[in-house]
Structure formats: C-alpha cells, structure tokens
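Asks: Handing you a structure now.
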Amino acid sequence: MRILMVGAGGVGTAITRIAARRAFFEHMVVADYDRTRAEAAVAGLGEGGTRFTAARLDASDTAGVRAALAEHRCDVLLNATDPRFVLPLFEAALGHGAHYLDMAMSLSRPHPSRPYEECGVKLGDAQFERAAEWEAAGRLALVGMGVEPGLSDVFARYAADALFDEIEEIGIRDGANLVVDGYDFAPSFSIWTTIEECLNPPVVYEEGRGWFTTPPFSEPEVFDFPEGIGPVECVNVEHEEVLLVPRWLTAGRVTFKYGLGDEFIAVLRTLHKLGLDRTDPVTVRSGTGTAAVSPRDVVAACLPDPAGLGDRMHGKTCAGTWVKGTKDGKPREVYLYHVVDNQWSMQEYGSQAVVWQTAINPVAALELIASGVWNGSGVLGPEALPPRPFLDLLTEYGSPWGMREQ
C-alpha cells in the first residue's frame, strides 16, 4: 500500500507517528500547503521516517492532487485536512482510481427557512450522491473514519451485532476533564471545525420521522464518563454519526452530544453574535492596503495551535457510544468507550490526547484495508464493515477500548 496523506497539522503529524510503528504499508507521502509542516512531520520520525516523503500540495487543487497520486504511485488518499477540502480530495481520489479515507464529511447547509426544524443539505450528502460512481469504479471511499465519527460508529455496529437484539437509542457521548495551563480559552481541537459543528443546527434521527434539526446546544444532560472523568453536561451538536448510523443500523433514535461546558458555549455564542463565526471574507484595512479575510480564520489565527498544547495539557478525553435496548428479552444499557490520558499520549507519541485519539483510527482502518479484512466499494461509513477486527487491532496498538454496563 502506498498512501498520499494530505494535511500535516496536529492529526496528520500524529498519524505519521502511529503509522511509523506499523509495517502494513510501503510508503506514505505527507503533503501540506505549508511544505515546512510536512517536512517537520517527517523529520520528527528520525530513523523511523525512511518510508515517508514530504511534499507541498494544495488540497483545493483537484488536478494537482491527482498528479501527486500518479507521481508517487499511491493507491490510497488519506484526507487529514479540515472539512472545507473534503470534496476536491474526494474527487481527486475517484478521478485517479484510488481508495479514499477521511475523518470528517462534506459540509452541511442549514434549511433556508426552518433551520431548527428541518435539515437542509446534510453532512456527507455530496459524497453519498457519488456512491454509484465509486461502486462502479470498484473503489472504496471510507468516510468519517476518525474517532467521532469513526470509532464511535464501529462501537455502534459492534453493539448491534453482539450486544443487542433490538436497539431503542444510540447516543454518541463525548466528554473530557482536560485542562490547558496558562490559557483562559484554548480549544484542544481545530477551532474552525469546532465552530462549524457547534453553531450549526444539530441533527437528530428518529425512526418513523427520519432526520430533523434542533437549536444549537439543545437537550442538555449530565453524562457520567468513566476512568475518573466523571459527570459532564453534554448538549446536542451536529455530527456525522447521526447521518451515518441509520444508513446501516436499525435504532429508534440516534443522537450526538458533546461535553462543552458553560464557558465554552458562551464563547461560541459571542463569536456568533459578533459574526466572527462567518467563513465568507470581509474587507479589512491594513498598513499595506485592504485584504479580504474570513472572520473565522482570524479567530483561528488568534488562538494557540491545538497540536502544540500537549505540554500544557493534563487530564483525559473520552469518546464513546451509549446504547439502550433489549437482549434476550431483557432491558440493557451499555457505554462502549475509548479513553486517552494526555500524559500517556505525550510521553509515548509526543502528541496531545485529542489529536492522537483521532489519528489512531484511520491508521488502523488502513491496516485492515491493506490486509483485505476490510473491503468493499462505494461510499461506506465505518458501521458498514465488521467491527471486531478493528477493536482487536486497537488493543494491539496499545490503546484498548472499554465497556460499561449502565
């Protein structure tokens, strides 16, 4: 397997550090718009970097990405960029005849007149519209293969296969007790993506009703997270699992709730009130004239890079899937989860917990694809594939998952 990975930020760099310890691939090209970032990711591997090459690549340039796939004889494109670049990379992989993986799906657009009741364009719609072309090409586009979405979807499929006869609700629940020393406000993941997820209308699925939306931060609940994290208030957030799970699994309801905290929600609400969550450019005066700048990009530029916060972070992050239903005629509730301690991930890999937890999953998926254990064609979510090999491989990687009966 020869891999072109586009994006050498925090998650992309963590991917190289995890992949360097595995033997399933022949070569990985690490590409980024900023060549120095790609070079730093490869250089950081030291002697373990002989199977890696750094390159400069513009993720929005479909023709350029196709040329890179051909030049480096890559049969897989791994998208480690933010969701703005999903479609050009997705198109490049299809045009070249490569398999494709991403960790976030094509962007949504709210309903023009009823944004908090009805869906407009849903996450991933633009990708699923091309499913027949991928199937005809005999190539696999594995979408949403990070931690959430990704591992959370694998948990949902495992619960449906092995733990339940009927499922009443599948709820993705994400929480942490991470603290960043020295900052009043420092998100542990891309603020661009965080704004997109948290300020868009959340989507909920109900059997018989289908997909619908609610206002941001709706339906608050306190969820008790394992391994010492404890109770965290979680709220509805737009996320891919709600759009993926019902395509393959039968459940009465599917939700995604994220533990944000009152302060974080207040900051996001303020950004929205001020228009600083906008992506369309505004004209800004400077000493050298005027420039067109996206307000959201300015917010991102003013905040610390999440990938560089590991030395100041402490605590744990938890991603998991809560499932309620029946087994053998009896009620059952379980929480399948994956916890990463920032101290461990920094010591073992030099990557902070949130980006490392995201990065391990596409690497494991690529290994299963390389071995033929995971295979298929078309546009598939993680729940379309057998879950147990993935969960066993996660344990083999030294990062086991857990299950708690509720």
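The values are calculated or read from the model by the stated rules, or taken from the named source; none is laboratory data. Computed from a predicted model, the values in this text were never measured in an experiment. All Cβ positions, glycine included, derive from the backbone under ideal geometry; neighbour counts span all protein chains shown. With ligands, DNA and RNA removed, areas are computed over all heavy atoms of the protein, side chains included. Shrake-Rupley method; radii C 1.70, N 1.55, O 1.52, S 1.80 Å.
Asks: Of the DSSP beta bridges with both residues in the stretch 76-218, give the percent that are antiparallel, rounding to the nearest 5.
Replies: Among the beta bridges of the stretch 76-218, antiparallel pairing accounts for roughly 40 percent.
Asks: Shape of the stretch 296-357 from its Cα gyration tensor (a ≥ b ≥ c, root eigenvalues): rounded if a/c is under 1.5, otherwise prolate when a/b > b/c, or oblate?
Replies: Here the stretch 296-357 falls in the oblate category.
Asks: Can I ask one more? What whole-number value in cubic angstrom gives the convex hull volume per residue for the C-alpha atoms of the stretch 132-172?
Replies: 103
Asks: Enter the accessible area per residue of the stretch 270-406 (Å², integer; probe 1.4 Å; all protein chains in place).
Replies: 45
Asks: I've got another one for you. Of V282, V232, V204, which has the largest mean-square fluctuation in a 10 Å C-alpha GNM of the chain?
Replies: Comparing V282, V232, V204 in the GNM, the peak value goes to V282.
Asks: Next up: Among R253, R37, R73, whose mean-square fluctuation peaks in a Gaussian network model of the chain (Cα, cutoff 10 Å)?
Replies: R73
Asks: Let me ask something else. Name the residue from Q357, V76, A319 whose Cα lies farthest towards the positive end of the charge dipole of the chain, charges +1 on Cβ of Lys and Arg and -1 on Cβ of Asp and Glu.
Replies: With unit charges placed on the Cβ atoms, the residue in question is V76.
Asks: Further question: What percent do you get for the relative contact order of the stretch 298-406 when only Cα pairs under 8 Å and 6+ apart count?
Replies: Computed value for the stretch 298-406: 27 percent relative contact order.
Asks: Sequence-distant or interchain residues sharing an amide H contact under 5 Å with V29, placed H: which?
Replies: Amide H to amide H, under 5 Å and 5 or more residues apart or across chains, V29 pairs with I3, L4, M5, T53.
Asks: Next question, about the same structure. Helix-only mean residue ellipticity at 222 nm, the chain, DSSP H runs n ≥ 4 weighted -39,500 (n - 2.57), per residue, nearest 500. What is it?
Replies: Value at 222 nm, helices only, nearest 500: -9500 deg cm²/dmol.
Asks: Per residue, how much accessible area does the stretch 79-131 have with a 1.4 Å probe, in Å²?
Replies: Result: 40 Å² per residue.
Asks: Using Cα-Cα distances under 8 Å and only pairs 6 or more residues apart, what relative contact order does the chain have, in percent?
Replies: 20
Asks: Let me ask another. Within the accessible area of the chain, what % is carbon and sulfur when the probe is 1.4 Å and the other protein chains stay in place?
Replies: 48
Asks: Restricting to the chain, what percent of DSSP beta bridges are antiparallel, rounded to 5?
Replies: 60
Asks: Which of the lysines could be linked to K316 by a straight reach, that is with a Cα gap under 23 Å, when you skip same-chain ones fewer than 8 residues away?
Replies: K257
Asks: Enumerate the calculated ³J(HN,Hα) couplings along the stretch 7-19 in order (Karplus 6.51 cos²θ - 1.76 cosθ + 1.60, θ = phi - 60°), each rounded to whole Hz, writing x wherever the residue is Gly or Pro.
Replies: So the J values, rounded to whole Hz, are x, 10, x, x, 5, x, 5, 5, 4, 4, 5, 6, 5.
Asks: Taking the simple approach of a point 7 Å from Cα along Cα-to-Cβ for both D161 and D311, what is their distance in nm?
Replies: So the label points at D161 and D311 sit 4.3 nm apart.
Asks: Got a sec to turn the phi values of the stretch 341-356 into Karplus ³J(HN,Hα) couplings, 6.51 cos²θ - 1.76 cosθ + 1.60 with θ = phi - 60°, whole Hz, x for Gly and Pro?
Replies: Here the 3J(HN,Hα) series is 8, 4, 4, 5, 5, 5, 5, 7, 10, x, 10, 5, 4, 5, 5, 5 Hz.
Asks: Ordering K324, K273, K257, K122 by how much accessible area each has at a 1.4 Å probe, largest first, what is the list?
Replies: Solvent-accessible surface, decreasing: K273, K324, K122, K257.
Asks: Now for a different question. Compute a Gaussian network model of the chain, connecting alpha carbons closer than 10 Å, and tell me which residue from G44, G150, G378 fluctuates the most.
Replies: G44
Asks: Quick one: Karplus J couplings for the stretch 246-255, per residue in order, coefficients 6.51, -1.76, 1.60, θ = phi - 60°, nearest Hz, x for Gly and Pro?
Replies: x, 6, 10, 10, 9, 8, x, 8, 9, 9
Asks: Going through the cross-link list K273/K324; K122/K273; K122/K327, which pairs have a Cα-Cα distance over 30 Å in this structure?
Replies: Those over the limit are K273/K324; K122/K327.
Asks: Next question, about the same structure. Measure out, as a whole number of angstrom, how far apart the alpha-carbon centroids of the stretch 128-186 and the stretch 305-376 sit.
Replies: 10
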